[in-house]
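Step one of this worksheet: look at the structure below.
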Amino acid sequence: MSSALLVAAVGLAPPPLAAQDAPLALTNVRVVTVSGPVIEKGTVVVARGRIAAVGKDVPVPPGAAVIDGSGKTLYPGLFDALTSIGLVEVASVAATVDTTEVGDVNPHAKAWVALHPDSELVPVARANGVTTVLSAPSGGLVSGQSAVVRLAGTTPEAMTVKAGAALHLVYPSGRPTGGSSRPSEDEEPKTLEERLKEKKRNQEKSLARLASLFAEAKAHAAAVAEAGRGARALPETSLALEALAPYARGEAPVVIRADDEDEIRGAVRFSSDMGLRLVIAGGLEAWRCASLLKEKDVAVLLKVDRLPSRESDPYDAPYANAAVLHRAGVRFAIVTDDAENVRNLPYEAAMAAAYGLPAAEALRAITLSPAEIFGVADRVGAIAPGREANLVLAEGDLLDTRARVTHVLVDGVPQPLETRHTRLYERYKDRP
């Protein structure tokens, strides 16, 4: 048994490893596979960073390190499908925020090249069971491209599971982009009807601009293809149009941030007209148009712990949102949409479970469902042979704040559970 795995077996924090250096077996453990039935007193064998075997009577390979999971539950690593982790360190300190580029159209902005492997937020999220995230840019009209990221590794390349996982847009608000929205002293205040008409005009203008960009991207890609066949001269290089092309062709998801019902419906119409693979981010009022989302097969990245958007809404509308979508058959993942609070992902799911979402579906919404939405379900999100060995061993229910995570593995490598929080606790716990 290697010294590092021996340390893991006795429950201490091992140093991070570059790769799994010996087989590992977790025995006598309750295995929540997510993709299949729960296995009581099961065994999971990990080798070369992958899950080699899962079952009730799986033999332990000779020479394998063994972690006895008696009384504990093994979960797949959690997946937060909308974060800015690795791009933000302290949200209130501008110098540590790298989510937004200059200008409002930046499809060529790539989140994965800006990841900060030594972020203090990574071990904090990981220590509570989150092993995979979608790190996404924000701001402007076209924010840029996100990446599926593992929460381990010393370089951005080592952390990146899937680059170009999605293109991120913001549904146009319709607010004026220049000048002040407050009327001057000699200007007559606009009526509600006038403001609504102005908002609609501005939205239509921005949507027309987006439509033109996607059309240009298709035309540019076609021209490049023709040039490759010698049918014409190579067009002038355009990083923006080249980045847009695969999304314009529907080859990868386009995530549009929209909360209000009319914005969600508008995003669905626009995406349908343009042939985009739409995913809604935010979706605060998705429950109001669940049937449309099901009909168009639009997935939603849903933040649960929010306030209602209208005074007339029930106080628990955001909490019950996931349950409504589940009953309607809408695909969704539960997210934190944050950087500092990614550690709270299991409690976002727990809130949804408390307001009508079945507990198994709540867990699926933070494991396998986001993996399916972003095309990495063959790698992460479940405990099954061939998947990457991203595993979380815990005492108690992981969606319960009283649960205690005892081991976290990423690609089969035991990760240290020490964080800035634990260091500060140890430093000050005995202070007089």
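The values are calculated or read from the model by the stated rules, or taken from the named source; none is laboratory data. Not measured: the values here are computed from a predicted model. Glycine also receives a Cβ, built like all others from the backbone with ideal geometry; neighbour counts cover every protein chain displayed. Just so you know, the surface numbers come from the protein's heavy atoms only, side chains and all, with ligands and any DNA or RNA stripped out. Shrake-Rupley method; radii C 1.70, N 1.55, O 1.52, S 1.80 Å.
Quick look at the numbers
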| item | result |
| --- | --- |
| Spin-label model distance (nm) - GLU120 vs VAL93, 7 Å beyond Cα toward Cβ | 0.7 nm |
| Average Cα contact separation per residue, the chain, under 8 Å, 6 or more apart, as relative contact order % | 20 percent |
| Cα pair distances exceeding 14 angstrom across the stretch 352-421, given as percent | 68 percent |
| Simple label model, 7 Å out from Cα along Cβ direction - TYR428 to ASP21, nm | 3.7 nm |
| Full-stretch length increase - LEU192, GLU251 - with 0.36 nm per residue and alpha-carbon distance subtracted | 17.2 nm |
| Accessible surface of the chain, 1.4 Å probe, proportion on carbon and sulfur as whole % | 51 percent |
| The stretch 22-162 - accessible surface per residue (Å², probe 1.4 Å) | 38 Å² |
| Per residue accessible area in Å² of the stretch 287-372, where ligands, DNA and RNA are left out and the probe is 1.4 Å | 42 Å² |
| GLU388 accessible area, assembled protein chains, probe 1.4 Å, Å² | 10 Å² |
| Structure-based [θ]222 nm, the chain - -39500 (n - 2.57) summed over DSSP H runs of at least 4, per residue, nearest 500 | -9000 deg cm²/dmol |
| Gain on full stretching of the segment that runs from ALA225 to ARG402 - 0.36 nm per residue minus C-alpha separation | 58.0 nm |
| Choice from GLU295, GLU418, GLU261 showing the highest fluctuation, given a GNM over the chain with Cα pairs closer than 10 Å | GLU295 |
| The chain, Cα convex hull volume normalised per residue, Å³ | 193 Å³ |
| Shape parameters for the stretch 292-367, alpha-carbon atoms, Rg then Dmax in Å | 12.0, 35 |
| Among ASP260, ASP313, ASP21: highest mean-square fluctuation, GNM of the chain, C-alpha pairs under 10 Å | ASP313 |
| The stretch 222-339, Cα convex hull volume normalised per residue, Å³ | 126 Å³ |
| Separation of the GLU295 and GLU242 label points, Cα + 7 Å toward Cβ, nm | 4.1 nm |
| For the chain, built as a Gaussian network whose Cα springs stay under 10 Å, the top-fluctuating residue of THR419, THR131, THR367 | THR419 |
| Antiparallel DSSP beta bridges within the chain, as percent of all bridges there, nearest 5 | 50 percent |
